[in-house]
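Beneath this line is the structure, given in structure tokens, with notes to follow.
The values are calculated or read from the model by the stated rules, or taken from the named source; none is laboratory data. Remember, predicted model here, so these are calculated numbers, not experimental data. Using ideal geometry, Cβ is built from the backbone for each residue, glycine included, and neighbour counts are taken over all protein chains shown.
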Amino acid sequence: MTDVESLSGLEAFVAAVRTGSFTQAAERLGLTKSAVGKSVTRLETRLGVKLLHRSTRQLKLTFEGEQYFRTCAQALDDIAEAEAQIKPASGAIRGRVHVDMPVAFGRRVLLPILLEIARPHPALTLTMSFNDATINPLTEQVDVVVRFGPVGDSPQLVARRLSRQQRLLCASPAYLAVHGVPATIDDLARHRCIVGCLNGPPTQWELNDGERMVQVSPPATHRFNDGEAMMEAAVAGFGICQMPSSLVRQHVEMGRLVPVLASHCRSAVDLHVLWHQKATLSLRVRYIVDHLLARSAAGELD
């Protein structure tokens, strides 16, 4: 097999996995479905292993195929990146960027912004995951991570602050009508509270007691690993929750949530974007990060 045929087989294999079918892979590569299938078959023959389980409904990677796909996909992305770096005048950003972000903030704020950022570059493809757990970009298959809260100190990671937001305690008017409005921090012990859980949003709340910052462990009446679900539960009258201001602002403006203990909610939480130091040389990662920083400077993430 020639080098050209070998590369064609890799492209067909990666495209088939990413799109989920030979038909869609053929459309992406400008080939026929038969040509894509034959390229993958020749690749399997050359390697002496089966890479894909084929059925009339789906393609599924074998164990060997899973390992081979990760390596090949990264290699093809690196080739595309190298080409982009030696042809900067074209202005094209190519390759795939995986962005992992908090569930509620990601869906409500970041998703529309990222889609706008990607729109001018059809060759830029996005993987977006929504996750409230703390993840490590050094061990996960993620290019860019956006998270609320402090970031670790690792020489292999680069972090930039995108926003600083006030934490607000909120509850629905219906809840407050039944259970009353808390007047002090101690009153929270007698209320129904909505908190996070392990590998999710925080289980404790940060509040101000005079000039002192305190960590409060409210009654964990309801636990969620998803910030979006926590807000929906609060709007539905299930208790008090603490959220960054950007997530509850619309609910407050529309009267669905009411801030409580405002004098004790002067603390702020930072929103950071993180990426692997070596990815700083990647045009596609730099493009995403630079635009997020620009949108942040314009106040679009507050």
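Things to note:
- Number of the exception - Pro112 against (1) surrounded by 15 or more Cβ atoms within 10 Å (Cβ to Cβ); (2) at pLDDT 90 or above; (3) not hydroxyl-bearing (Ser, Thr, Tyr): (1)
- Filter result for Ser296 (within 22 Å of Pro155 (Cα to Cα) and buried (at least 18 other Cβ atoms within 10 Å of the Cβ)): no
- Hey, Phe224 closer than 24 Å to Phe238 by Cβ, surrounded by 15 or more Cβ atoms within 10 Å (Cβ to Cβ), in contact (Cβ under 8 Å) with a residue 24 or more places away in the chain and in the same structural domain as Pro112 (by TED's automatic domain parsing) or not: no
- Filtered by the rule that a residue be crowded, with 21+ Cβ neighbours inside 10 Å and not hydrophobic (A, V, I, L, M, F, W, C), the range 95-109 gives Gly95, Asp100, Pro102, Gly106.
- Unique residue being over 26 Å from the mean Cα position of the chain (by Cα) and in contact (Cβ under 8 Å) with a residue 60 or more places away in the chain when the list is Gly196, Gly239: Gly239
- Odd one out for Arg28, checked against (1) closer than 29 Å to Val142 by Cβ; (2) assigned to a helix (DSSP H, G or I); (3) at pLDDT 80 or above; (4) touching a helix residue (DSSP H, G or I) at 6+ places or on another chain (Cβ under 6 Å): (3)
- Subset of the range 258-280 (residues that are over 26 Å from the mean Cα position of the chain (by Cα) and either surrounded by 14 or more Cβ atoms within 10 Å (Cβ to Cβ) or aliphatic (A, V, I, L, M) (or both)): Val258, Pro259, Val260, Leu261, Ala262, His264, Cys265
- Filter pass, Gln141 being out of contact with any Phe, Trp or Tyr (no Cβ under 8 Å at 6 or more places or on another chain), exposed (fewer than 14 other Cβ atoms within 10 Å of the Cβ) and polar (S, T, N, Q): yes
- Where Arg147 falls short, out of the listed (1) more than 30 Å from Ile93 (Cα to Cα); (2) crowded, with 18+ Cβ neighbours inside 10 Å: (1)
- Exclusive hit being of a type in the set (S, T, N, Q) and surrounded by 14 or more Cβ atoms within 10 Å (Cβ to Cβ), set Thr45, Thr56, Thr19: Thr19
- Pairs where the first residue, in the range 36-49, is more than 21 Å from Thr23 (Cα to Cα) and the second is in a helix (DSSP H, G or I), C-beta under 6 Å, 6+ apart: Val49/Glu64
- Of all residues in the range 256-280, those being more than 28 Å from Asn225 (Cβ to Cβ) and touching a helix residue (DSSP H, G or I) at 6+ places or on another chain (Cβ under 8 Å) number 1.
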